[in-house]
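K.L.:
Handing you a structure now.
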Amino acid sequence: MSDLQSHSRPYVAALSAAALGALALSACSSEKNNTAAPPRTADTPVASATSSPSPATGHPFTGRPGARNGPVLAVKIDNTRSAKPQRGLRSADIVYVEQVEGGLSRVMAVFSSTLPPQVGPVRSARISDLHILPQFGRPAFAYSGVQSKMKPYLARASLIDVSPDTTGGAYTRRGPNPAPYNLYASPQRLLAKATQATKARDIGFRFGPAPSGGTATTSFTARFPSTSLVFRWSGKEHRWLASQDGRPDRAAEGGQLGGQTIVIQRAQTTRSPFHDFLGNYTPLIHTVGTGTATVLRDGKAYDARWSRPSETRGTTFTTRSGQPMTFAPGQVWIVIVNAGRPVVP
């Protein structure tokens, strides 16, 4: 039985104009006033910064020179206290954080340059995933289940299904947490069943020296209706360290989760026609269009704008003056929050 009782996947052709119509999603607020080589292992040293915003410089997801440009694997991972500590997130190139039912959040981790031994706990897919994934071409997609009404959307999606239904040998239950918070997958085995998965390509990110401006910032809070994430700058580690609901977000492998660049992307949502078993609606997050963002890098916060013309295209980020909003080379977090005030589920 799927733990997702409320996701209708909006494949582009299936969305109606009404579904694209309005209702705001979860809100973000700052603590200050803001509107054919083998995969790298998690312990392999990474290269330093690039010096140009050119899309051809470094890995398209992280900007790291010399990183392996492998096939894309996206994995849905639980993000509640019951699932902590998560495994494999340290190795992700991109970490998406999305609102789900009940005002909580769930992660979609994207891998290409580095494959950890295991990742999880793997949980069910959401409709908003199927709006984000087309920009990667035809990626492998790992998830633990989906409600029956969403299956036709998955079947039409441009992705390779590597769920337990198709790739059962890649999954195992382990660790101290009870089901459903104990399902983990082997990325190597998942991709062995997805030999046609698209390799990483330009999705709009630009890496290089920080743009001018920005405001010195030690911490920033992204708020969802029922949870919050705080990112604190660590000069020692030269990255933003994540905490959730007042607790450091620890990795199962050790250390604290976080990234070199954190993007707080403000987007709108509508209430999809699906609900979980408690009656909470499933948010449908609209990541096509334009909007504002706050980009955290190098101990500063930058006011930015985002633009994504279609689901098959990536998202570009610019400063208020229209210059490319360059990211710091390394792991990127995209935390998608409400464009307006919080919407109570």
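K.L.:
State the number of residues belonging to the range 77-106 that are within 25 Å of Pro329 (Cβ to Cβ) and at pLDDT below 95.
P.N.:
Total meeting the criteria: 0.
K.L.:
Would you pick out the residues in the range 246-284 that are outside any strand (DSSP E or B) and out of contact with any strand residue (DSSP E or B) (no Cβ under 6 Å at 6 or more places or on another chain)?
P.N.:
Gly246, Glu253, Gly254, Gly255, Asp276, Phe277, Leu278, Gly279, Asn280
K.L.:
Also: Report the residue count in the range 204-222 for those that are buried (at least 20 other Cβ atoms within 10 Å of the Cβ) and not in a loop (DSSP other than H, G, I, E, B).
P.N.:
Selection size over the range 204-222: 3.
K.L.:
If you don't mind, there's one more thing I want to ask. Please state which one of His238, His275 is over 30 Å from Gly175 (Cα atoms), out of contact with any helix residue (DSSP H, G or I) (no Cβ under 6 Å at 6 or more places or on another chain) and not aliphatic (A, V, I, L, M).
P.N.:
His238
K.L.:
Also: Would you be able to say whether some residue in the range 292-305 is surrounded by 16 or more Cβ atoms within 10 Å (Cβ to Cβ), closer than 16 Å to Asp129 by Cα and either modelled with pLDDT of 95 or more or within 18 Å of the chain's Cα centre (by Cα) (or both)?
P.N.:
No: zero hits.
K.L.:
Count, please, the residues in the range 108-133 that happen to be in contact with a helix residue (DSSP H, G or I) (Cβ under 7 Å, 6 or more places away or on another chain) and not small (Gly, Ala, Ser).
P.N.:
Residues that pass the stated criteria total 9.
K.L.:
At least 3 residues that are among the polar types (S, T, N, Q) in each: list the strands (runs of 3 or more DSSP E) lying fully within the range 285-337 that qualify.
P.N.:
Of the strands (runs of 3 or more DSSP E) lying wholly inside the range 285-337, those with at least 3 residues that are among the polar types (S, T, N, Q) span 289-297, 316-319.
K.L.:
If you take the residues in the range 73-95 that are part of a loop (DSSP other than H, G, I, E, B) and within 13 Å of the chain's Cα centre (by Cα), which one is surrounded by the most Cβ atoms within 10 Å (Cβ to Cβ)?
P.N.:
Once the filter is applied, the top-ranked residue is Ala92.
The values are calculated or read from the model by the stated rules, or taken from the named source; none is laboratory data. The shown structure was predicted, so the numbers you read here are calculated from the model rather than taken from an experiment. Every residue, glycine among them, receives a Cβ derived from its backbone with ideal geometry; neighbour counts consider all protein chains shown.
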